[in-house]
């Protein structure tokens, strides 16, 4: 698993800065924006913050929930839903957003390179 | 070379005739000349009583009745035909006009019958047929208001028309007396038992009923009138309205020697032709095969028959169904088929529930197998099911059918034959609706309505559409979303009753899963309405849609717009300057909204608290433009400045806006107040709109703009400010509690079983006894209101949310940029990224 070894992790914020069932955005050094979500069951997910349907960097401000048990976020612009674990859009099978790995270490949320 | 059709009269039936011909006669083989006696085009005379609601004759207008733009039709109003020369085929009019015809249609209607009582022509005596009659009655009522004591009125005639007149007088604030010669009210439609209940129900509404007595004389008495009844009673009144039936206007026919029926009416055969093949008669002036009908539906049928004949097609009058169902002053009355058991051997089965005010009678054949007719008073809910069954075998024992629901199986919709008409307004049969459900795939009431037009006029059959869907096995889900099987209204009641104050507890106990973008904001709104503190408190924040989350409106580039409240659109120069300064300092785009306030666009999330610090310091508060909540109460300048204003519309608009600000609701709420009937504030395009009158305010509800523009309907008229506010309190709270998610007030009212009439019963007449509670809930809202933006500025935890990046507070989103257009900043839109295939 050489890929794992090369992955770099960036500390973003304390765990309690991401409320349950909500999301926040983080700005990476390369200018990329990551939407970090925390589900009701304390799973953390990272998606590109860019909403592919509007071009606005706002996915972190969508409402987090589930569709048939699958954790999703609904874009705040036009309400399309994206699966948190894969970035796949549930409302348009041709669309998905980039995912970012997220891990918790020492009570701090880290985002990894994709 | 076109032929000339002359139509004498321009009422509803004449208009239907012209419409029917014009819709088929594209080549214009008929040139049509219509002579009307009234000075206005045909209008909805059946709905005449509703004229009292707003004194707006325009509301009674029939679409297309002035034929503007149709060169084949010449409409001459205020110029009745006064003579017919059948030999020369020519009519002459009161105005001296002469017109030759190839065909003549008499559609002169009826005149009110005034019994030859001494004094019947005194000033203060009226009839009830035209808009002008109602205007004259209105003027007399207003004059009497200026005199001593409360104005009083007597209505002579206790039939359908008499009760309509009584309703009109009651709507004008009077408690009328109704005098009927027969031993009961509506003697033609209902039987003795039904009449007794009808009398009780109508009496309870402030109408005094005198039956079984004649009106012997009307005498003038010191500026008032005294109606002397045959039973010795003397009624001191200001006005007397005669509504004792109508008589066909057959004078023209008599004058030119056409045959008339023994009891009046131009005699016509089943093709509507008179004894002269060039002359037809239709509507209430015609005695078709010897029978005169005083209803509009048979008149319409005659118009269609005559039109077909004139266009060279074969058509005959099939006879008419004189069944009636109406709501008089909120009392249901229906009569259908052989209501008086005139058929030989007919049997009657009666169910009379004096406690609940319901009387039902079925008339059945001597073997009790076939339904012949019936009478329903108090609760005519079964009319739609029973009327189509007339002449058909009964699906069950008559007593079982009449038993109240729950007592064991009232007649099911399955029992109706396919050809039974469910929607009589648009002539839609059960078969057509079933086909729409099973073959066209309509799976909801709105889908059935759109596909078949059933239920799109009066709406009384809408509950039947739901039952037909169920009967076809279509389950109509009222579930809010996949996480809650209950509707929004039910969820509201659950939250209200259990006082659950968090989403997690609610979904754990009454739903499943973790929620979604539908149920989370809906629950957030319910929690906010029920007073659970600031909408960003604790767990509530994660439920909010982004607009509520940032208390601003998300725009397409990820920035937000800011709308401070400007109640009633009134603003001081100092405050206006502050808005300008804020826009300049933060580089915002400024635009005046349709709701008489100012929208500032292009704020990033980190700018929002700083912008609001300035605004709150200057005395502004949240305008809730971001919420499903009260937006604005727009106003015209009103009596303070305007030469025509009759009330202080700005003052009332501010009072209403401050009262209902912050009220979370199923959808946005808009309002307006106009200071006079010119309606400059466009109040009838609002969810609740108020229009000033000389005596107070008229309240209209259920209006909106948008994709389905709709004018609001009059709910109450001429009320004082205190009453007005009390009724708006009830209206809004009832809406907030019972509407579906994202349902504006117009579709909400439309979907109420009973529509506007039901709404009026609940919130004006308090038929459910919930008004005190609705008012108390609104009082709590008013008391607990606090400015949401002030709440954010005072709380560091909430302020901390206003940042684009959790790891870089204060850094704005680098993808946002602006360019200048017409001297203001506008967003530079990023290209939408190439979609990524799976």
task: Could you calculate the FRET efficiency of residue A:28 with residue B:592 from 1/(1 + (r/R0)^6), where r is the beta carbon distance between them and R0 is 51 Å, rounded to 0.05?
output: 0.80
task: Could you tell me the distance between the Cα centroids of the stretch B:228-244 and the stretch A:20-91, to the nearest Å?
output: 77
- request: Give, in nm to one decimal, the length gained when the segment between residue B:718 and residue B:175 is fully stretched (0.36 nm per residue of separation minus the Cα-Cα distance).
  value: 193.8 nm
task: Along Cα→Cβ, 7 Å out, is where each label goes; now give me the distance between the ones at residue B:499 and residue B:640 in nm to one decimal.
output: 4.3
query: Normalised by the number of residues in the stretch B:213-271, what is the relative contact order in percent for Cα pairs under 8 Å and 6+ residues apart?
result: 19
message: Quick check on packing: order B:280-288, B:609-617, B:13-21, B:295-303 by the mean number of other C-beta atoms within 10 Å, highest mean leading.
response: B:280-288, B:13-21, B:295-303, B:609-617
- prompt: Using the per-residue mean of other Cβ atoms lying within 10 Å as a proxy for protection, in what order, highest first, do the peptides B:200-206, B:700-706, B:39-45, B:651-657 fall?
  reply: B:651-657, B:700-706, B:39-45, B:200-206
query: Which of B:499, B:143 comes first, and how do the rest follow, when ranked by fewest Cβ neighbours within 10 Å?
result: B:499, B:143
message: Kirkwood Rh and Cα-based Rg: tell me the resulting Rg over Rh for the protein assembly as shown, rounded to two decimals.
response: 1.04
field: Separation in nanometres of the label points that stand 7 Å from Cα toward Cβ, at residue B:400 and residue B:606
entry: 7.7
- request: Rounded to the nearest 500, what is the 222 nm mean residue ellipticity of chain B from helices alone, with -39500 (n - 2.57) per DSSP H run of 4+ residues and division by all residues?
  value: -8500 deg cm²/dmol
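Provide B:492, B:113 in ascending order of the number of other Cβ atoms located within 10 Å of each residue's Cβ, fewest first.
In order of increasing Cβ crowding within 10 Å: B:113, B:492.
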- line: Simple SL model, points at 7 angstrom along Cα→Cβ for residue B:779 and residue B:794; separation in nm is 2.5
query: When Cβ neighbours within 10 Å are restricted to other protein chains, what is their mean count per residue of peptide B:806-815?
result: 5
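I need to check one value: relative contact order of chain B, counting alpha carbon pairs closer than 8 Å and at least 6 residues apart, in percent.
About 7 percent, as a whole number.
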- prompt: How much FRET efficiency would the formula 1/(1 + (r/R0)^6) give for residue B:695 and residue B:295, where r is the Cβ-Cβ distance and R0 is 35 Å, rounded to 0.05?
  reply: 0.50
- line: Note: B:511-519 gets an average of partner chain Cβ contacts (10 Å, Cβ to Cβ) equal to 6
statement: For chain B, longest principal axis from Cα atoms; helix B:607-617 axis from its Cα atoms; angle between them, nearest 10 degrees, is 70
statement: Longest principal axis of chain B (C-alpha) makes with the long axis of helix B:721-738 (C-alpha) an angle, in degrees to the nearest 10, of 80
message: Sorting check: for A:47-54, B:504-511, B:738-745, which peptide has the highest mean count of neighbouring beta carbons within 10 Å, and how do the rest follow?
response: A:47-54, B:738-745, B:504-511
message: With angles folded into 0 to 90 degrees, how steeply does helix B:649-660 sit against the dominant principal axis of chain B? Use alpha carbons for both and round to 10.
response: 60
- line: GNM of chain A, Cα pairs under 10 angstrom: of A:40, A:83, A:16, the biggest fluctuation goes to A:16
Average other protein chain Cβ within 10 Å of Cβ, residues B:541-551: 4
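Every read-out reported here was derived from the displayed coordinates using simple, explicitly stated rules and does not represent laboratory data. Remember, predicted model here, so these are calculated numbers, not experimental data. Cβ coordinates were reconstructed from backbone atoms using ideal geometry, including for glycine residues, and neighbour counts include every protein chain displayed.
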